[in-house]
Amino acid sequence: MKKIRSWCLGLCILFFGLAGGVALYAQGAAPAAAKAPSTADAELAAAAAKAPATADLAKGDPGGTITGTISDVPAADSKVGVTLPDTANQVGQNKIAINFVWTLVTGFLVMFMQAGFAMVESGLCRVKNANHTYMMNFFVYTAGLFSYWLVGFAIQMGGAAGNGNLGGLQSLTPEHTFTLFGKTWGMFGGSGMFLSGHQYDVGVMVIFLFQMVFMDTALTIVTGACAERWKFLTFAVSSSIMGAITYPLYANWAWGGGWLSQLGTNNQLGKGYCDFAGSGVVHAVGGLTALAVCLIVGPRIGKFNRDGSSNPIIGHDISAVLIGCFILAFGWFGFNPGSTLGASAAGNLRIGTIAVDTMLAGCTGTLGAMLFMWIKNGKVDASMSGNGLLAGLVAITAPSGFVSTVGACIIGLIAGVLVVLSCSFVENVMKVDDPVGAISVHGTNGLWGVLSVGLFADGTSNYGGSWNGVTGSVTGLFYGDASQLAAQLVGISTLIGFVFTLSFLINLGLEFFVGQRVSVETEIAGLDLPEMGQLGYPEFVFKPEPSVLLNAEKSYAVA
Amino acid sequence: MAANKSQGSYYTLFLVGATVLCAGIYLGGGMGKLLLLVGAIGFIASLFGMLKVRSLEGPTAMKPGPGAMKLAGAAVVLLGWGITLFGMHLTPSVGGRIITALVGIAVSLFGIVVVLPGAFNKNAVWKS
């Protein structure tokens, strides 16, 4: 009996021991169950298993259905495979990559506009100045880029951190500010000189390239207005200074977190000053600087008669002018749609609307100028038609991100008529000689474009839910927000009052030190040989200039 | 005389001076101040060099205009901007700000369209 009891006790101990061991094993296994693949990871693993094998891909993919699968998503841990965090990271990088590529490619388009400007400006000049005018358009790219890399970018974008489209650009900080009436206002950027230090960043490089080509567009506007008499040395110095100071300063105020963009948050004026792609920042700055330099450099010999009437000085190549206009119109698809700084997320799918607005405004701008000249003079004026196209494009640049197609058509049509009236006013009332009409195309219509935002913005755009830090969509007077018009008027006043004056004083200083204008001897001979050492078209035989110009040149030569 | 070697030299000095000056601002500290000084000297020297060779060129088709009137014109243009800015703090109403901005723009345009062309065209060479 005692023996049986001992056996039972032994069996019980064995049973409880086994039970305890099983329980302990179960406790140990519980954490392992928590680490088991989630549903999403399991689905990802299943997708990875179904992904085409190397052998499948080796057969080719004519339908494009097996290229670009989960196999192309990099896994943080190759043993585990692609997980949900890996996928989310890849989605984020894809968004930024799309925006990088979009911004870079549109920047390349804007860069190509330099070729269009060169053809338009040279074509509208006389053949004896062709090389000089082409060379100014060529060198302005170098002069502007170098000075922008030195300091211009830092002034403009050195405090512009926070752009989600390009990954945040967090290294672009701080913005130098000042406090007035208890409010803080941005003045200029504080980082980014030489693109060194913390600014050696992939996103910063993208925004540098894009902003640089915009800056260069503004610089090249001046070369056309001052063509045929502007000394190359003075042009080079003036352009370097403009790329370093004048342009970046205003661009910071509008785009870099400066005080104009803060008019909404600080003064409750709409969404602050809004200039989507640069009617004001690029074109009005260029056009007003062109006016300042044109005043100083004076009219070409023979342009005005003693009684103040003007003589037409015909350009040498209308085909170059019109082809140049088309190149510019093509480049404008980089200028305006590219100014979203992205094609993915944050309302950036509006790029299609922006591109169509751009096309339509160019179309109605051409119509406005061509029909006006046809009705007024009985002939279609080719160069003015080209200027009408450009005027429409300039005017739609600021509002392109905020207006409907009907608004774009109206803005372009007004611009086309405005450019003709403005050219006449500048020449016949102000007695300012602008060989290519740059002051009217870019200055007058740049200002019109800025104003039109305050009138025609329809409140349908939504770039991430806010603009310039103010929640909501940009809405103009015709759609119920007068305060946006007030912000635009402050911007226009700053362009006319500050930017013009700054450009004027800088170039007045250069007139003292360097001298803006070539000598009479050089001007009569044409600037190609004296300034460039080579004719633009050395094997051509040129017909003499019209008698009115020859007589004027003779009188200067005698004097 | 037109473009010449001296112009090229002084433009090179201008670019080098500006680059060194910017490097001085960027670096800061003792070395930065030294570069700032050297760059500023180079920059200013280039401008005076350009002034020196300017006299080698022949006369231009321009006559000197009234300098004071030119500066007065610039002052009027700047005044218009001042009116606009002052107007922003003068009144909180949107209508008031629009009116002051328009007045400011009108004053600036008066300077650009009337005063400055008047100054530059007063002794314009095409009048004689």
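The values are calculated or read from the model by the stated rules, or taken from the named source; none is laboratory data. Please read all numbers here as calculations on a predicted model, not as lab measurements. Cβ sites come from the backbone with ideal geometry, for glycine too, and all protein chains shown count toward neighbours.
In the range B:10-38, how many residues are of a type in the set (A, V, I, L, M, F, W, C) and within 8 Å of another protein chain (Cβ to nearest Cβ)? First the steps, then the outcome.
Initial filter on the range B:10-38 (of a type in the set (A, V, I, L, M, F, W, C)): B:13-16, B:18, B:20-23, B:25, B:27, B:31, B:34-38.
Right, trim to within 8 Å of another protein chain (Cβ to nearest Cβ) and you get B:14-15, B:18, B:22-23, B:25.
Going through the range B:10-38 one residue at a time, the tally reaches 6.
Annotation: A:Asn129 fulfils all but one of (1) crowded, with 21+ Cβ neighbours inside 10 Å; (2) under 21 Å from B:Leu15 (Cβ atoms); the unmet one is (2). Among the residues of the range B:52-67, those identified as at the interface with chain A (Cβ under 7 Å from one of its Cβ atoms), assigned to a loop (DSSP other than H, G, I, E, B) and surrounded by 14 or more Cβ atoms within 10 Å (Cβ to Cβ) are B:Glu57, B:Thr60, B:Ala61, B:Met62.
Select, from A:Thr177, A:Thr217, the only residue that is β-branched (Val, Ile, Thr), touching a strand residue (DSSP E or B) at 6+ places or on another chain (Cβ under 6 Å) and away from every other protein chain (no Cβ under 14 Å).
Details: A:Thr217 fails: touching a strand residue (DSSP E or B) at 6+ places or on another chain (Cβ under 6 Å).
Answer to the check: A:Thr177.
Residues that are in contact (Cβ under 8 Å) with a residue 40 or more places away in the chain, touching a Lys or Arg at 6+ places or on another chain (Cβ under 9 Å) and within 9 Å of another protein chain (Cβ to nearest Cβ) within the range A:492-523 comprise A:Phe504, A:Leu508, A:Val514, A:Gly515, A:Gln516, A:Arg517, A:Val518, A:Glu523, listed in sequence order. Can you find, within the range B:104-128, the residue that is farthest from the other protein chains (Cβ to nearest Cβ) among those that are surrounded by 22 or more Cβ atoms within 10 Å (Cβ to Cβ) and within 17 Å of the chain's Cα centre (by Cα)? So the residue we want is B:Gly111. Do the conditions hold for A:Ser461, that is, is it farther than 16 Å from A:Gly278 by Cα, hydroxyl-bearing (Ser, Thr, Tyr) and modelled with pLDDT of 95 or more? So A:Ser461 does not fit the description; no. Consider the range A:293-351 and keep the residues that are within 14 Å of another protein chain (Cβ to nearest Cβ) and of a type in the set (Ser, Thr, Tyr). The one that is nearest to A:Ala118 (Cα to Cα) is A:Ser310. Checking each residue in the range A:181-214 for being within 14 Å of another protein chain (Cβ to nearest Cβ) and assigned to a helix (DSSP H, G or I) picks out A:Met193, A:Phe194, A:Leu195, A:Gly197, A:His198, A:Gln199. When the range A:264-292 is filtered for residues that are of a type outside the set (S, T, N, Q) and either at the interface with chain B (Cβ under 8 Å from one of its Cβ atoms) or not in a helix (DSSP H, G or I) (or both), the ones remaining, listed by number, are A:Leu269, A:Gly270, A:Lys271, A:Gly272, A:Tyr273, A:Cys274, A:Asp275, A:Phe276, A:Ala277, A:Gly278, A:Leu291.
For the range A:137-161, a residue qualifies if it is among the aromatic types (Phe, Trp, Tyr) and surrounded by fewer than 23 Cβ atoms within 10 Å (Cβ to Cβ), and the qualifying residues are A:Phe138, A:Phe139, A:Tyr141, A:Phe146, A:Trp149.
Please determine whether any residue of the range A:138-160 is over 30 Å from B:Gly24 (Cα atoms) and either hydroxyl-bearing (Ser, Thr, Tyr) or not in a helix (DSSP H, G or I) (or both).
In the first step, residues of the range A:138-160 are kept if they are over 30 Å from B:Gly24 (Cα atoms); the result is none.
No, that holds for no residue.
Of all residues in the range A:378-430, exactly one satisfies the criterion of being modelled with pLDDT of 95 or more and of a type in the set (D, E, K, R), namely A:Glu427.
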